[in-house]
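A quick write-up on the structure given underneath.
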Amino acid sequence: MARAFLVVIDSVGCGGATDADRFFNGDTPDIGANTLAHIAQECAAGRANDGREGPLSLPNMDALGLGAAITQASGIQADGFGATPSGLWGCANEVSNGKDTPSGHWELSGVPVPWDWHYFPDETPAFPQHLVDAVCKFADVDGIYGNCHASGMKIIAKHAAEHMKTGWPIVYTSADSVFQICAHEETFGLDRLLDLCEQMAPLLHEMKVGRVIARPFIGNETDGYTRTTNRHDYAIAPPAPTLCNWVQDAGRKVYAIGKIGDIFSMSGIDEVRKGADKTLMGHLMDLAQEAKDGSLTFANFVEFDSLFGHPRDVAGYARALEWFDSCLPDLYAKLRKDDLLIITADHGNDPTWVGTDHTRERVPVIGYGVGNKEIGQCGFVDVGASVAAHLGVPSQGKGKSFL
């Protein structure tokens, strides 16, 4: 029985969103943002040689149709691309009024977001007093650090030492609809942090804030600080059954790799495998051999976004893309002849862009297992409908299969 592998390379957009003028980084609209094309441009110009050298080299994804998808989405012939597509290829447009993780993943799974998210103002303090009071009550502390828009590692570096002395959690947000709480795994305690976020989540979800995110870290002032892989997202539940539910309701298994379980609040998920991206690739390879007939494996590789997109690290993003691409031949070798592999993204995060926020872009849709097939410009929802069609389960969303 056919299996499906839906892989989201978090934030790997390809430009061309027609509504980019409605989305901003600070005061700058996202018009012209293009994560893949701009990374390729910087690599070709020799400005991304930290840990790598030369033009961006993604031969396996280009062979599927990634370069052609970039051109289709944005009209740009990206540097280093140009293969004649041999796989499934096209690009997808999002309709949800957000360029965030839940919006992108839910819509890829057939369910556009029907509401406007709540965003906190870019000012200090950023949070209403009742939320600050709730954090203090649940954590049994007298105050918090942060209370503003911030980049995660920068605000940890700023407040970590005093946080470790007082126990006050570091709380911050971004241009996304998020409420993020940082705490030291050892001095504050991981379980205590997770419990705090779990208690805060209903208050934030009622406000239509998409996620409460636990951001644990370790380290000290002398050696520096590092975020751990024990991050946990407490996401608001999807408003309707998604692809995961459709597959599970048909009696099939759904495997979640990375933060997929968190994004979907475990609805429609049977098994979760977590870790850093290189560990996640190992999980994906294992499931290519082990996943049951008729199953869905849904993966998110988050470090493209969190480690390289938000910090605007072009060379790091390029290294990650080249690493991912180099893994594909081994993955192909483990897939069965009737399996479908789709590789896509949930939004953009152009590391050459101003600010630190996601960028509104179309996303590439490339696939292995169905031969050479151009799908044109489709909707995010069509990805979920197509996976459902491949698996032979009823689609309950608005999308149409491109298979």
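No value in this document is a laboratory result; all are computed from the given coordinates. Owing to the predicted nature of the structure, the values given are computational and were not obtained by experimental measurement. Every residue, glycine among them, receives a Cβ derived from its backbone with ideal geometry; neighbour counts consider all protein chains shown.
Using a Gaussian network model on the chain with a 10 Å cutoff between Cα atoms, which of Leu203, Leu194, Leu335 fluctuates the most?
It is Leu203.
P(r) tail for segment 355-395, what percent of Cα pairs lie past 15 Å?
Details: 449 of 820 pairs.
Here the long-distance tail beyond 15 Å is 55 percent of all Cα pairs in segment 355-395.
Could you give me D for the chain, from Stokes-Einstein at 37 °C and 0.692 mPa s, where the hydrodynamic radius is the Kirkwood radius over C-alpha pairs? Units µm² s⁻¹, please.
Details: Rh = 21.3 Å.
After rounding, the answer is 154 µm²/s.
Could you estimate the translational diffusion coefficient of segment 67-151 from the Stokes-Einstein equation, with Rh from the Kirkwood formula over C-alpha pairs, at 4 °C and 1.567 mPa s, in whole µm²/s? Don't jump to the answer; show the numbers that get you there.
Values: Rh = 17.2 Å.
Taking Rh from Cα pairs, D becomes 75 µm²/s.
Among all the aspartates and glutamates, which ones have a C-alpha under 20 Å from Lys400's C-alpha, if same-chain residues fewer than 8 places away are not counted?
Here the aspartates and glutamates satisfying the reach criterion relative to Lys400 are Glu94, Glu107, Asp249, Asp339, Asp346, Glu374, Asp382.
So if I restrict to the alpha-carbon atoms in segment 262-362, what is the Rg, and what is Dmax, the biggest pairwise distance, in Å?
When restricted to the Cα atoms of segment 262-362, Rg and Dmax are 15.1, 45 Å.
For the modelled label position 7 Å from the Cα of Val354 along Cα-to-Cβ, which residues of segment 9-52 have backbone nitrogen atoms closer than 11 Å?
From segment 9-52, the list is 24-31.
For segment 357-403 and segment 249-314, write down the distance between their C-alpha centroids in whole Å.
Taking the Cα centre of each part, segment 357-403 and segment 249-314 sit 18 Å apart.
Translational diffusion coefficient, Stokes-Einstein: compute it for segment 29-122 using the Kirkwood radius over C-alpha pairs as Rh, at 4 °C and 1.567 mPa s, and state it as an integer in µm² s⁻¹. Mind showing how you got there, number by number?
Working: Rh = 15.4 Å.
In µm²/s, the coefficient is 84.
Taking the chain as a Gaussian network, Cα atoms linked when under 10 Å apart, which of Arg362, Arg319, Arg22 shows the biggest mean-square fluctuation?
Arg22
My understanding is that a pair violates if its Cα-Cα distance is over 32 Å; which of Lys278/Lys398; Lys292/Lys373; Lys158/Lys278; Lys278/Lys373; Lys99/Lys278; Lys208/Lys274 do that in this structure? Mind dumping the intermediate values first?
On the way: Lys278/Lys398 34 Å; Lys292/Lys373 26 Å; Lys158/Lys278 29 Å; Lys278/Lys373 30 Å; Lys99/Lys278 25 Å; Lys208/Lys274 26 Å.
Among Lys278/Lys398; Lys292/Lys373; Lys158/Lys278; Lys278/Lys373; Lys99/Lys278; Lys208/Lys274, the Cα-Cα distance tops 32 Å for Lys278/Lys398.
Can you find, among Cys197, Ile31, Thr18, the residue sitting farthest towards the positive end of the charge dipole of the chain, where Lys and Arg contribute +1 and Asp and Glu -1 at Cβ?
Thr18
Place a +1 charge on the Cβ of each Lys and Arg in segment 21-160 and a -1 charge on the Cβ of each Asp and Glu, then give the dipole magnitude about the Cα centre in debye, rounded to the nearest 20.
Working: 7 positive and 17 negative charges, 52 e Å.
The calculated dipole for segment 21-160 is roughly 240 debye.
Treating the beta-carbon of each Lys and Arg as +1 and of each Asp and Glu as -1, no other charges, what is the dipole magnitude of the chain about its Cα centre, to the nearest 20 debye? If you can, show how the numbers build up before the last one.
Values: 32 positive and 52 negative charges, 164 e Å.
Dipole magnitude for the chain comes out near 780 debye.
Quick one: Debye curve from the C-alpha atoms of segment 164-274, no solvent, what's log10 I(q)/I(0) at q = 0.11, 0.13, 0.17 Å⁻¹?
-0.41, -0.56, -0.86
For the chain, set up a GNM with springs between Cα atoms under 10 Å and report which of Ala33, Ala69, Ala320 has the largest fluctuation.
Ala320
Residue by residue through segment 348-359, which ³J(HN,Hα) values in whole Hz follow from phi under the Karplus form 6.51 cos²θ - 1.76 cosθ + 1.60 (θ = phi - 60°), with glycine and proline marked x?
Once rounded to whole Hz, the list reads x, 7, 4, x, 9, 7, 5, x, 9, 8, 4, 10.
What is the dipole size for segment 245-403, taken about its Cα centre, with +1 at each Lys and Arg Cβ and -1 at each Asp and Glu Cβ, in debye to the nearest 20? Walk me through the numbers before you get to the answer.
Working: 17 positive and 22 negative charges, 64 e Å.
Magnitude of the dipole: close to 300 debye.
Using only Cα atoms, tell me the angle between helix 129-139 and the longest principal axis of the chain; keep it within 0 to 90° and round to the nearest 10.
Compared with the principal axis, the helix lies near 90 degrees.
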